[in-house]
Amino acid sequence: MLKLVALALAPVLAIILFIYVKDKYEKEPLGLLIRSFFMGVLSVIPALLLEILAGNLEIFKGTEFHSVALFAFVGVGFSEEFSKFIFLRLFIYKNKNFNEAFDGIVYAVMISMGFAAAENIMYVLKGGETVAWLRMFTAIPAHASFAVLMGYYVGKARFSASNSFLLLFNALFIATVFHGAYDFFLMLKDYSGLAVFSLITLILGIVLSFKSIKSSSENSPFRHFRFK
């Protein structure tokens, strides 16, 4: 059991360390990072409640394309990303330590990795070592990429004088679309060959995440202080 938990947490910790290292110019307080992580763990609760509610609605049932799409994008994608987003928006967004756009990525990833850790432990304890290795290179990087894309726009919104609402909408919308697309192609049991598009969605999300990290880091207001 301890081995399975370790395997479940290993990719989460690796991604957290990666983002922490990428935050080059003005590190976030460790205590707030830890609190953000546990907010992500707590965000599993509203996500599960929303998914259960969606699963009980007739509109989300069935194996037809439209039913699967609705459940993937709304029942799963929106439910999980909204649950993470609401913690980021309500408890981190106005914090004084959120003082540059890159912090949006940092805190979004911390919350997302808290969510991913809780979810991954449940899946791995149920599915075993094979599931742990599979999710290490798929579901966990996927959660991270959704978080980076969300955090990129949340960070821009935090320091926008006129466009904050639209940028916050984009943050939730884009994360939901990527999450929904990733799950949609995996849920099409009658068209299993389309699962390759889930991998394509993951790769695209990761590529855009690296670009978002690079852009936010290069535009850090603390960058010039670092090199003086």
Give the residue that is nearest to residue 209 (Cα to Cα), with candidates limited to residues of region 152-165 that are open to solvent by less than 90 Å² (accessible area, probe 1.4 Å) and modelled with pLDDT of 95 or more. 152
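For the structure I just gave you, tell me whether residue 122 is under 30 Å from residue 58 (Cβ atoms) and open to solvent by 20 Å² or more (accessible area, probe 1.4 Å).
Answer is yes for this residue.
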All positions within region 171-209 that are modelled with pLDDT under 95 and either open to solvent by less than 40 Å² (accessible area, probe 1.4 Å) or hydroxyl-bearing (Ser, Thr, Tyr) (or both): 188, 191, 192, 195
If I ask for residues that are of a type outside the set (S, T, N, Q) and either touching a strand residue (DSSP E or B) at 6+ places or on another chain (Cβ under 6 Å) or not in a helix (DSSP H, G or I) (or both), which ones from region 66-118 would you list? 93, 94, 96, 98, 100, 101
Flag for residue 223 being charged (D, E, K, R) and surrounded by 20 or more Cβ atoms within 10 Å (Cβ to Cβ): no
Would you be able to tell me the number of residues in region 81-92 that are open to solvent by 10 Å² or more (accessible area, probe 1.4 Å) and in contact with a helix residue (DSSP H, G or I) (Cβ under 8 Å, 6 or more places away or on another chain)? 6
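Please find, among 130, 63, the residue that is in contact (Cβ under 8 Å) with a residue 60 or more places away in the chain, among the polar types (S, T, N, Q) and surrounded by fewer than 24 Cβ atoms within 10 Å (Cβ to Cβ).
The match here is 63.
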Of all residues in region 154-205, how many are assigned to a loop (DSSP other than H, G, I, E, B) and of a type in the set (S, T, N, Q)? 3
Odd one out for residue 114, checked against (1) touching a residue at least 60 places away in the same chain (Cβ under 8 Å); (2) of a type outside the set (Val, Ile, Thr); (3) over 23 Å from residue 85 (Cα atoms); (4) out of contact with any Asp or Glu (no Cβ under 8 Å at 6 or more places or on another chain): (3)
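The values are calculated or read from the model by the stated rules, or taken from the named source; none is laboratory data. If you're wondering where the values come from, they're calculated on a predicted model, not measured in any experiment. Here Cβ is always computed from backbone atoms with ideal geometry, including for glycine, and neighbour counts include all displayed protein chains. These area figures cover heavy atoms from the full protein model, side chains too; ligands, DNA and RNA do not enter into them. Shrake-Rupley method; radii C 1.70, N 1.55, O 1.52, S 1.80 Å.
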